[in-house]
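Presented below is the structure to which this report refers.
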Amino acid sequence: MRFIWEIMHKDKYRYLLGCILGVISLPVVLFKSTIGGQLVDEVVLNQNIKQLAPLITALLILVIFRAVTKRISTMILEDVSQTTVMKLRQKMYFRLSKMDFNYFDKTRTGSIMTKLTADVDMIRYFIAYAGYTLIEQLLVFFGGIGIMFFISWQLTLMLLAISPFVLLAMVKMAAIVRPTFEKIRQKNSNLNTTVQENISGNRVVKAFAKENFETLKFNQKNEDFRNANIESAYIASRFLPWFDVMASALAVITVIGGGYFVLCGMITVGELFVINSLLWTISGPVRMFAWLINDVQRTNASVAKIQEILYLHPKIKTKKRILYKDAFKGDVEFQNVSFKYENEDALHDVSFSVKAGQTVAIIGATGAGKSSLVNLICRFYDVSSGSVTIDGIDVRNVNIRKLRQSISMAMQDVFLFSDTIEGNIAYGAPDVSFDEVVKVAKIADAHDFIMRFEEGYDTIVGERGVGLSGGQKQRIALARALLKKPSILILDDTTSSVDMETEHHIHQTLRSYFSGKTTFLIAHRISTVKDADLILVLDQGRLVEQGTHQELLEKQGYYYDVYRNQLGDFNQGGDKNGKK
């Protein structure tokens with residue numbers, strides 16, 4: 001309740017207004033019973049017909065008043081709940097947008113989506129219904145008891161004799177049911193993760209003809225989710241009948257005890273009618289409290305998961321005293337850099353220096369640490385030891401946004417948004433002219449195939465649009481990186497899916513267009529890297545060789561073996577004696 005009250009922020013007063021309007025109408029419900037009792041005593045038993053019209057009129061006024069206030073209250077609560085969860089999603093998404101790669105490396109997409117959808121919707125349900133209903137039922141309970149106590153405190157105490165048993169059952173049920181909702185939430189997250197992975201990886205599934213396997217896996221997750229819900233329902237079924245029994249016991253007590261008090265002249269028939277008609281103010285809340293316990297425990301489980309996101313803090317942090325540099329020349333230096341993913345070494349004691357405007361090629365076997373190296377330049381991760389500097393400034397002392405705005409990266413894993421081709425290319429610079437978009441598309445050798453589409457640059461790509469080949473996606477991603485006009489350009493195996501002739505053409509065009517800018521190029525083909533000003537050779541996270549193409553050939557080391565293999569298969573490169 002404290003957490004929900006805090007996230008309401010400015011809407012908490014409107015929420016109070018909605019609750020007050022709902023509460024105002026509660027006496028109407030209670031007074032209807034007293035009017036009914038007067039109808040029995042005055043009109044039916046005493047034959048006082050004159051009292052009929054005023055009592056009926058009062059009853060109609062109360063009913064209309066109840067309907068109007070209840071409707072306004074419901075609309076206010078629904079509006080507050082929708083506004084609150086909208087702002088809550090914004091806070092959660094903002095927090096997620098600040099998180100670094102390390103968080104997303106370890107967190108499943110399905111789990112994040114569950115928190116942003118099902119868990120947030122549980123908060124909306126609690127604000128709009130469960131929270132208010134809890135307050136309402138408490139007021140109904142004590143309001144009804146108050147009226148009955150005024151009529152006959154003896155009979156009221158007899159009715160309240162079951163209260164300790166109700167309270168005991170509620171406490172025990174709450175303790176048992178909460179872990180099941182944690183389990184339900186986890187199974188729901190697992191189910192969402194399975195669906196998300198299967199949809200995203202549908203090409204792989206079909207390529208390996210694993211549809212039946214994935215279907216069985218989904219069915220298992222789906223069954224686990226079902227079983228968790230059944231387990232929760234089973235726990236509820238153990239307690240709910242007892243609540244019903246205790247509620248039904250009220251009617252028995254009223255008939256026996258109330259009948260006795262009428263015969264003794266302690267209460268009138270009309271007063272017994274009032275107490276009998278108010279039994280729902282005890283039995284109703286007793287039944288509702290059982291369900292509300294479920295709702296509260298579900299909300300508790302959801303709040304805990306939402307707080308996991310709201311209280312996240314990125315590991316990549318900018319120091320208080322930072323530099324806001326508008327532009328970088330592009331001098332890059334690694335000084336004894338080591339880096340670990342959790343406890344796994346990715347880079348060890350790497351040192352090299354690059355002057356602004358130079359082209360640096362990085363080669364090595366899969367898992368050698370090539371992508372890890374360039375990720376440190378963008379500060380997607382922080383070094384474990386050593387330092388990475390740009391223009392002599394440690395990247396940890398530079399504002400992260402300014403740093404990344406000065407660097408453009410075409411990643412190995414190409415991702416295109418569900419947008420037009422023009423929108424994807426201009427993603428990093430949305431205000432540029434269409435001519436600039438076309439210019440970089442031509443440099444990336446993408447213009448020709450784009451124009452073959454019926455809608456050209458307005459063609460929708462991504463999940464909802466036309467399918468593109470791997471090479472076409474890479475060229476669009478390359479155009480997107482070029483349009484940003486950065487000080488440092490990083491191409492992480494960006495042309496691996498295009499043919500050698502196209503790759504050669506792209507790199508020739510890049511040299512003329514990107515002259516004077518520092519370029520880091522990860523590639524597997526010798527033909528791609530041989531013209532670089534500096535070639536870095538990585539092996540198992542260590543920088544084993546560095547120099548120009550000719551210098552590395554003369555050393556007759558790892559690079560020389562790769563060169564001799566011609567195909568550039570770094571995973572099967574031989575030793576320096578040519579043995580495989």
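The values are calculated or read from the model by the stated rules, or taken from the named source; none is laboratory data. Since we're looking at a predicted model, the values are computed, not measured. Cβ placement follows ideal geometry from the backbone for every residue including glycine, while neighbour counts extend to all protein chains displayed. Just the protein is used for accessible areas: all its heavy atoms, side chains included, with ligands, DNA and RNA removed. Shrake-Rupley method; radii C 1.70, N 1.55, O 1.52, S 1.80 Å.
For the pair D349 and S433, label points projected 7 Å from Cα toward Cβ lie 5.4 nm apart.
Computed with every protein chain present, the accessible area of S283 is close to 20 Å² [probe 1.4 Å].
Going by accessible area, probe 1.4 Å, with all protein chains left in place, what is the ranking of Y560, Y341, largest first?
On the way: Y560 55, Y341 75 Å².
Solvent-accessible surface, decreasing: Y341, Y560.
When the Cα convex hull of segment 213-303 is projected onto planes of every orientation, the mean area is 8.3 nm². Every helix of 4 or more DSSP H residues in the chain counts as -39500 (n - 2.57), and over all residues that averages to -18500 deg cm²/dmol at 222 nm. Restricting the GluC sites (Glu not before Pro) of segment 323-391 to loop positions (DSSP other than H, G, I, E, B) with no more than 10 neighbouring Cβ atoms within 10 Å leaves E342.
Where only protein heavy atoms count, and the probe is 1.4 Å, what is the accessible area per residue for segment 242-400 in Å²? Please list the in-between numbers first.
On the way: 7270 Å² over 159 residues.
Result: 46 Å² of accessible area for each residue.
One entry in (i) 1.01; (ii) 1.19; (iii) 1.08 is Rg/Rh (Cα atoms, Kirkwood Rh) calculated from the shown coordinates; its label is (ii).
List the residue ranges in the chain for DSSP H helices whose C-alpha atoms run 30 angstrom or more along the long axis and whose Kyte-Doolittle average is 1.6 or above.
Values: long enough: 52-98 (69 Å, 0.64); 131-151 (31 Å, 1.72); 163-200 (54 Å, 0.00); 211-253 (62 Å, -0.13); 280-310 (42 Å, 0.25).
For the chain, where a helix must reach 30 Å along its axis and average at least 1.6, the hits are 131-151.
Across the cross-link table entries K317/K439; K370/K555; K12/K106; K217/K315, which are compared at the Cα atoms, the separations over 25 Å belong to K317/K439; K12/K106; K217/K315. Using C-alpha pairs below 8 Å separated by at least 6 residues, the relative contact order for the chain is 13 percent. Between the amide H of M409 and those of I490, distances stay under 5 Å, these residues lying 5 or more places away or on another chain, with hydrogens modeled in the peptide plane.
Could you order L250, L534 by accessible surface area, starting with the largest, using a probe radius of 1.4 Å? Let's see the in-between values first.
Numbers: L250 0, L534 20 Å².
From most exposed to least exposed: L534, L250.
In summary, the lysines within cross-link reach of K329, defined as a Cα separation below 19 angstrom excluding same-chain residues under 8 places away, comprise K355, K402, K484, K485, K517. Enumerate the amide H contacts of T518 below 5 Å, restricted to partners 5 or more residues apart or on another chain; note that Pro and chain-start residues carry no placed amide H. Close amide H contacts, sequence-distant or interchain: G357, L489. Accessible area per residue was computed with a 1.4 Å probe on protein heavy atoms; W153 scores about 130 Å².
Amide H to amide H distances under 5 Å link S385 with S338, where only residues 5 or more positions off or on other chains count and H is placed in the peptide plane. Using θ = phi - 60° in the Karplus curve 6.51 cos²θ - 1.76 cosθ + 1.60, the 3J(HN,Hα) couplings for segment 449-457 round to 6, 5, 6, 6, 6, 4, 9, x, 6 Hz; x is entered for Gly and Pro. A probe of 1.4 angstrom, applied to the heavy atoms of all protein chains, finds R226 with accessible area near 130 square angstrom.
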